[in-house]
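The values are calculated or read from the model by the stated rules, or taken from the named source; none is laboratory data. Because the structure is predicted, anything quoted here is derived from the model rather than measured. Here Cβ is always computed from backbone atoms with ideal geometry, including for glycine, and neighbour counts include all displayed protein chains. To get the accessible areas, we keep the full protein, side chains included, count just its heavy atoms, and leave off ligands, DNA and RNA. Shrake-Rupley method; radii C 1.70, N 1.55, O 1.52, S 1.80 Å.
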Amino acid sequence: MNLFIKPQKPGKSTDEELLSDYRASGNLTVLGSLYERYMPLVYGVCLKYLKDEELAKDAVMGIFEELVDKVKKHEINQFRNWVYVLGRNYCLMQLRSGKKMELVNLDEVMEFTPFLHPDDNNREEALKALENCIAGLNGGQKQSIDLFYLKEKCYKEIADITGYTLNEVKSYIQNGKRNLKICLERNSA
């Protein structure tokens with residue numbers, strides 16, 4: 001299948017006849033004949049969204065693979081319009097899935113890594129530093145951090161125990177974590 005050919009004028013069979021024939025027989029050659037008519041259109045859509053020739057070519061083939069099942073499941077009035085929308089949606093999903101694969105610095109995800117996983121030699125020292133920093137937090141932060149991390153209570157339980165609202169508990173924990181991090185970094189320097 002050549003991606004760069006001009007769209008063919010429908011031959012003896014209409015799109016509807018080819019769709020009907022494929023649904024009845026499951027013959028991929030019939031579906032391929034129908035899809036081949038619109039490959040330049042689909043390629044153009046893919047190139048527009050993906051902005052890379054190789055990715056667009058891969059997408060054209062991926063869309064054909066999706067057609068095998070989707071054509072049987074959906075009611076299609078105008079194949080040309082339907083395959084255009086399918087191609088656009090396929091490309092948008094490719095772009096979205098690419099964003100999920102962004103690399104994240106491990107230090108941004110794991111907080112206090114040297115203090116949560118200290119070497120055996122520094123474990124006692126790290127725990128003392130953590131205790132001192134927790135003691136230095138204000139009342140709401142100290143109580144919320146203690147209940148959340150040390151007593152493993154959820155936000156709702158902390159709110160019930162302390163009488164704080166759910167938003168106050170979230171704020172105390174977030175600000176407490178930030179203050180602990182600052183305190184621990186200051187003490188380790």
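Which residue, Gly32, Met61, Trp82, has the largest displacement toward the positive end of the dipole of region 17-82 when charges sit on each Cβ (Lys, Arg +1; Asp, Glu -1)?
Final value for the positive-end residue is Trp82.
List, in order, the whole-Hz ³J(HN,Hα) value for each residue of region 35-50 obtained from phi through the Karplus relation with A = 6.51, B = -1.76, C = 1.60 and θ = phi - 60°; use x for Gly and Pro.
3J(HN,Hα) across region 35-50, in whole Hz: 5, 4, 4, 10, 4, x, 5, 5, 4, x, 5, 5, 5, 4, 7, 8.
So, with a 1.4 angstrom probe, what is the percent of accessible area on region 8-89 that is carbon and sulfur?
48 percent
Region 12-91: Rg/Rh from Cα coordinates, Kirkwood Rh?
Details: Rg = 12.2 Å, Rh = 12.6 Å.
In region 12-91, Rg relative to Rh is 0.96.
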